[in-house]
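The values are calculated or read from the model by the stated rules, or taken from the named source; none is laboratory data. Since the model is a prediction, treat every value here as computed from it, not as a measurement. For neighbour counting, all protein chains shown are included, and Cβ atoms are generated from backbone atoms with ideal geometry for every residue, glycine included. Heavy atoms of the whole protein, side chains included, go into the accessibility calculation; ligands, DNA and RNA do not. Shrake-Rupley method; radii C 1.70, N 1.55, O 1.52, S 1.80 Å.
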Amino acid sequence: GGCAQLGPPSLFLFFLQNVRIDPSSISFGMWKDIPVPFYLSVHLFEVLNPTEVLDGAKPILRQRGPYVYREFRYKTNITFHDNDTVSYLEYRKLFFRPDLSNGTEDEYIVMPNILMLGASVMMENLPNFVKLLLSGALAGLKQEAFMNRTVGDILWGYDDPLLDTINMIVPGLIPFKGKFGMFVGFNNSNTGLFTVYTGMKNISRVHMVDSWNGLKKVNYWRSTGCNMINGTAGEMWPPFMSPTSLEFYSPDACRSMTLVYEQSGEFKGVPTYRFVAPKTLFANGTDYPPNEGFCPCRQSGIQNVSTCRLNAPMFISHPHFYNADPSLVNAVEGLNPSKEHHALFLDVHPMTGIPMNCSIKLQLNQYLKQVSGIIQTGKITPVVLPLLWFAESGNIEGSVLNQFYTNLVLIPSILDYLQYIFLGLSVPLIISAAVLTMMSQ
């Protein structure tokens, strides 16, 4: 019955053989070294009134950028296992593209002193003398609540003597060595050891994650549901997709994400299903009980990721607090959330489960506040402050698109038409044969 709904058996077999993770399949090369040009574009939020914020004023932000990087992805250590799985490491390499960017990596931006303000909040409940020690050390190092640094330093790291000082005062508070930067682990690094199903024995499991770094579930969160590693690694999905939802595990967000079907469409001649984030993706436990495991929660629209970010007071959200509680947008000035600019989407070819066009967008936010005993935190009003947002975007184009269209759209549709032509031809032949048989009798 299943094949009847999916078209002719020959077509079913054709797709089966070409979407498995098998060196002889059409999609294997695409899976191994992703030929799609990916771009990482980053927007930083500059604080225009740092002195006033220290006196308790509402932060005024200005979005800077985008700073655009060409992203190359490739898989190494590809190992096939007996249980229908394959494991691999995927690396990302980034190259700055000044021609696509609005600004350079050398320009300066005033932003929160992420390390200092983060450590302050983390030490809030420690004895006063410890906080005074830190405050004295900060004064000695001439550290202030806001810093003026280059885009390159903020993203890719700078040497901060504060790291060693914090670890001296509170050993193990920030188990971190080397440079400190927002994307310090993003370039020339892998996303962890993924083990996924090849689909050789069961095509409906192809690309589904069996384990990540050897784990069947993570332990960042407070409920079994939230800790589950669901779906695929976020690059391809099993074929013959239904217009309902899709899931993937995101190491960057330390959790599985479910996107929901929005509409059918077409990308350069290839039929697609568009999947988007449901409003519940970053909802709090009160508005959406299944998310209770991601708490302690604040307003809906932001997710506390401190447990997977060395306990730093960090939150992820959609850019500009799109789809979030309006109080988050109103707590700062300079945000303009819109679906057009800030909603993430995936356009997938449903027959093969291969994305044609996608843009995954996330914002990184830090919780700031005045911490008694640490003079440098001034009178900062508690606020979830956007630091930056980024989009990882890519779409199939050029020869890859042509090859995909020919092999996985054109040929199947010709096969599809041919079966009806043959059926059309065979009906008159059967009738003629029947007539002849009757006449001969």
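At a glance:
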{"read-out": "Accessible-area value, ARG149, 1.4 Å probe, nucleic acids and ligands omitted, Å²", "value": "70"}
{"read-out": "Built amide H within the under 5 Å cut-off of ASP160, gap 5+", "value": "PHE180"}
{"read-out": "Nonlocal amide H pairs with PHE38, under 5 Å, H built at 1.01 Å", "value": "GLU71"}
{"read-out": "Extension gain from ASN148 to ASN213, taking 0.36 nm per residue of separation minus the Cα-Cα distance", "value": "19.7 nm"}
{"read-out": "Under 14 Å, Cβ to Cβ, from PRO337 - net charge with Lys/Arg +1 and Asp/Glu -1", "value": "0"}
{"read-out": "Length added when fully stretched, GLN263-PHE72, from 0.36 nm per residue minus Cα-Cα", "value": "65.8 nm"}
{"read-out": "Tail fraction, Cα-Cα pairs, the chain, threshold 35 Å, whole percent", "value": "38"}
{"read-out": "Protein accessible area in the chain, 1.4 Å probe - carbon and sulfur %", "value": "57"}
{"read-out": "Largest-first ellipsoid semi-axes for the stretch 77-154, taking √(5λ) over the Cα gyration tensor eigenvalues, angstrom", "value": "39, 26, 8"}
{"read-out": "Mean separation of Cα contacts under 8 Å, 6 or more apart, over the residue count of the chain: relative contact order %", "value": "16"}
{"read-out": "Computed lengthening from ASN128 to VAL170, 0.36 nm per intervening residue step minus Cα-Cα distance", "value": "13.8 nm"}
{"read-out": "FRET efficiency, ALA139 to ASN202 (Cβ-Cβ, R0 51 Å, nearest 0.05)", "value": "0.20"}
{"read-out": "Average accessible area per residue (Å²) across the stretch 57-148 - probe 1.4 Å, nucleic acids and ligands excluded", "value": "48"}
{"read-out": "Label point distance in nm, THR104-THR286, each placed 7 Å from Cα along Cα→Cβ", "value": "4.9"}
{"read-out": "Kyte-Doolittle mean at least 0.5, axial Cα span of 27 Å or more - DSSP H helices of the chain", "value": "411-440"}
{"read-out": "Cβ-Cβ FRET estimate between MET439 and ILE411, R0 fixed at 35 Å, reported to 0.05", "value": "0.25"}
{"read-out": "Accessible solvent surface per residue of the stretch 190-328, calculated while the other protein chains remain in place, 1.4 angstrom probe, Å²", "value": "42"}
{"read-out": "Per residue convex hull volume, Cα atoms of the stretch 205-357, in Å³", "value": "119"}
{"read-out": "Estimated FRET transfer efficiency when R0 is 30 angstrom, pair ARG62-ILE375 (beta carbons, to 0.05)", "value": "0.65"}
{"read-out": "Assigned charges on the beta-carbon of Lys, Arg, Asp, Glu; the stretch 9-396 dipole about Cα centre (debye)", "value": "420"}
{"read-out": "Greater than 32 Å apart at Cα, pairs in LYS93/LYS369; LYS179/LYS339; LYS58/LYS131", "value": "LYS93/LYS369; LYS179/LYS339"}
